[in-house]
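Notes follow the structure.
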Amino acid sequence: MPEGGSNAAGVRGCADLAAELSAQLPGHDLVVTAVGTGATLAGLAHGLPSGRAAVGVCVLKGAEYLDGEVRRLQREAFGAEGGTWSLDHRFHHGGFARSTPGLRAFTADFTARHGFAPEAVYVSKALFAVLEGGLGAGRDVVVVVTGAPL
């Protein structure tokens, strides 16, 4: 599989993950994940049951093209687009592998509180979007952690 799992096999694997999340956490109505290539979001959104949605937190600055890429990946993997999903471009913190003092402070605080150091390129941005940025406010949110700290 290519880097980022951005092919049909990777997307289908993420659809399986959506089914597993729904079985283990039946009350959630929103799944949030960081997005680099769009593969994880494409699969999660396609695999979620009706009434549930996925939001991808884009870690790339100026990546509006990713909407089309998610659709393309879904068509490649499943033969059709599917699921309720959107991309949020507000939390890239300067772009891929970049950070801000606010994101670094959030990550340090999250690590101290929870004993888990979220990976800084992707995962911290998704967690920040939910916990500090209000993404998914008022909803039962599951954040998919796609990477481990380096």
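Quick notes
- Qualifying residue in the range 5-24 (condition: crowded, with 17+ Cβ neighbours inside 10 Å, without any contact (Cβ under 8 Å) to a residue 60 or more places away in the chain and outside any helix (DSSP H, G or I)): no
- Among the conditions (1) surrounded by 21 or more Cβ atoms within 10 Å (Cβ to Cβ); (2) at pLDDT 95 or above; (3) part of a helix (DSSP H, G or I); (4) not small (Gly, Ala, Ser), residue 32 misses just one, which is (3).
- Filtered residue count, the range 25-37, keeping only those that are within 17 Å of residue 58 (Cα to Cα) and in contact (Cβ under 8 Å) with a residue 40 or more places away in the chain: 7
Listed here are the residues, each with its yes/no results for (1) loosely packed, with under 12 Cβ neighbours inside 10 Å; (2) in contact (Cβ under 8 Å) with a residue 24 or more places away in the chain.
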position	(1), (2)
87	no, yes
104	no, no
109	no, no
112	yes, no
119	no, yes
132	no, yes
136	no, yes
141	no, yes
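- The residue pairs whose first member lies in the range 50-72 and is within 13 Å of residue 33 (Cα to Cα), whose second member is of a type in the set (D, E, K, R), and whose beta carbons are closer than 8 Å, counting only pairs six or more residues apart or on different chains, are 53/29; 55/88; 56/88; 57/88; 57/125; 58/88; 59/125.
The values are calculated or read from the model by the stated rules, or taken from the named source; none is laboratory data. Predicted model, so just to flag it, every value in this text is computed and none were measured. Note that each Cβ is placed from the backbone with ideal geometry, even for glycine, and that neighbours are counted across all protein chains shown.
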